[in-house]
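Below is one structure, written out as structure tokens; the observations come after it.
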Amino acid sequence: MAALPDITDSQTPAVPRVPIVRITALRKSYGDNEVLKGIDLDVMRGEVIALIGKSGSGKSTLLRCINGLEQFQDGSLTVAGKPLLHESAMAMRALRQQVGMIFQSFNLFPHLSVGRNVMLAPTLVKQRTAKEAAEQARVLLARVGLAEKFDAMPDQLSGGQQQRVAIARALAMEPQVLLCDEITSALDPELVGEVLRVVESLADEGMTLLMVTHEMNFARKVADRVIFMHQGRVHEMGAPAEIFGSPRTAELRQFLKSLDD
Amino acid sequence: MVEFTLWDILRNLALALRWTVALSLIAFIGGGLVGGALLCLRLALGRKTGRLIATYVGLFQGTPLLMQLFLAYFGLALLGIEVSAWTAAALALTLYTSAYLVEIWRGCVEAVPRGQWEAARSLAMSFGEQLRHVILPQAMRLAIAPTVGFLVQVIKGTALASVIGFVELTKAGGMIANASFQPFLVFGCVALFYFALCFPVSLIAQHLERKPHGRAA
């Protein structure tokens, strides 16, 4: 899935690879400060994309635009063919059921047990019964290796465990796309691996992943495509081997070099 | 001169205590309801409503409760609206209490980290669901101590309602002290009555605060 053909309008049913996320000429500014200066990006179903770049390059903002946590001023964004409409609460609710998100700071609900963290949204949004939701939560917690923590409170868990619960919580909504916003940046080094292994298993199972990451080795290993963002633009994009092996632009070379220092 | 036994003093103060309790309850319930409603409006409708509410808060926090009671009782009467002392006291205490509570509670909601809203939103919860299941449970825990602290102030503040004719605890104490010439004893008893009212409220708050986070599944 490394080399992607240009997506043209000549998509036919014979070509099953329709983009699940399509971003066209997306612009976003905070006041006078334009942080995204026209982003075009198509993400295929099952694709794993790593967004890299300096802080302030707009990579997190781009990610947050995809599930509507940030509003953009210009351009369009569709998920599974449905356009993102900020003004429609119904449309946003539908979109967010397709797009899960995992945060740098975990953001587990501290007043709810681990199991209830996972169960809350499915019972409210998908109207599951408590029994169904609990069963699903147990399955998902087992999948992230935390089956025995169902009744624990979030503050009794390590950072790595909390982040794995957050992954289970996002998966409980059965999203088509999962956004990961620097999900290992707040973790102690020895806890990074356990979280990345879960993400890798998701990638192997065919989940569409967009991740902002500083773990270059992980990006190299797992991503189908790496996007280097610079000053609010997609500066360079390609297979991990190209991006890390033979960077074309000076900015990317400099960025990669700065990581080695 | 009428002889006042300790029993007489206590009995009369206990009767007057009813008014203090009733006025406090009105202030708690009325202020809590109005304050809660204002908070929801402010959270749901954003900036403009926020400014209106800030003006309301500023108005009632910036003027003495005594003046508010006066205005509610005599002011409305001057405008030709006949109000009973009960209505005036209920009105003034409700507005006064709500102005403080909405501000205390807003602070508590804002103290819940932004990430909690974002996580709830990312899980496709509606605004009401985010508020009810994620934000308010956390904000309420934070709110217990300052809310109770303020309610204890309100209990003591009800003494001001004597200006519009309520013979509540403080006023009754003054009257008995004047008649019995035992001010130290009488006001000591008044203080004990207030303490008996306020201390349990603080105890309940401490208990609520210490309750473990959330419920086990």
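Values quoted throughout were computed directly from the atomic coordinates according to the rules given, and no laboratory measurement underlies them. Predicted model only: the values in this text are computed from it and were never measured. Note: ideal-geometry Cβ built from the backbone for every residue, glycine included; neighbour counts use all protein chains shown.
Sum up the charges of everything whose Cβ sits under 13 Å from the Cβ of A:Lys82, counting Lys and Arg as +1 and Asp and Glu as -1, but leave A:Lys82 out. Net charge around A:Lys82: +3.
Per-residue shielding of B:157-168, expressed as the average number of other chain Cβ atoms within 10 Å of the residue Cβ, stands at 0.
Taking other residues whose beta carbon is less than 15 angstrom from the beta carbon of A:Gly232, and scoring Lys, Arg as +1 and Asp, Glu as -1, yields 0. Among A:Pro247, A:Pro110, A:Pro83, the residue with the largest mean-square fluctuation in a Gaussian network model of chain A, with springs joining Cα atoms closer than 10 Å, is A:Pro110.
A dipole drawn for the protein assembly as shown from +1 and -1 charges on Cβ atoms has a positive end, and of B:Phe195, A:Thr61, B:Thr55 the residue lying farthest that way is B:Phe195. Amide H contacts of A:Met101 (H built 1.01 Å from N, in plane; Pro and chain starts excluded): A:Leu179 sit under 5 Å, all sequence-distant by 5 or more or on other chains.
Of A:Met119, B:Met125, A:Met237, B:Met67, the sequence from fewest to most neighbouring Cβ atoms within 10 angstrom is B:Met67, A:Met237, B:Met125, A:Met119. Note on region A:122-148 and region B:168-186: Cα centroid distance 64 Å, given to the nearest whole angstrom. With the charge dipole of the protein assembly as shown set up from +1 on Lys and Arg Cβ and -1 on Asp and Glu Cβ about the Cα centre, the Cα lying farthest toward the positive end among the listed residues B:Leu93, B:Gln116, A:Met119 is that of B:Leu93. Against chain A, whose longest principal axis is taken from its Cα atoms, helix A:159-171 shows a tilt of about 90°.
Applying a DSSP loop filter and a limit of 12 other Cβ atoms within 10 Å to the GluC sites (Glu not before Pro) in region B:15-119 leaves B:Glu82. When A:Phe228, B:Phe4 are sorted by how many other C-beta atoms sit within 10 angstrom of their C-beta, beginning with the fewest, the order is B:Phe4, A:Phe228.
Applying a threshold of 21 Å to the alpha-carbon distances of A:Lys82/A:Lys126; A:Lys221/A:Lys257; A:Lys126/B:Lys211 flags A:Lys126/B:Lys211 as lying beyond it. The mean sequence separation of alpha-carbon pairs under 8 Å and at least six residues apart, normalised by the residue count of chain B, gives a relative contact order of 30 percent.
Taking every DSSP helix (H) stretch of at least 4 residues in chain B, weighting each as -39,500 (n - 2.57) and dividing the sum by the residue count yields a mean residue ellipticity at 222 nm of -25000 deg cm²/dmol. Sparse packing (at most 12 other Cβ atoms within 10 Å of the Cβ) combined with a DSSP loop state is found for the following GluC sites (Glu not before Pro) in region A:72-151: A:Glu87. Arranged from fewest to most other beta-carbon atoms within 10 Å of their beta carbon, A:Cys65, A:Cys180 become A:Cys65, A:Cys180. Over chain A, dividing the summed -39,500 (n - 2.57) contributions of all DSSP H runs of at least 4 residues by the number of residues returns a 222 nm mean residue ellipticity of -11000 deg cm²/dmol.
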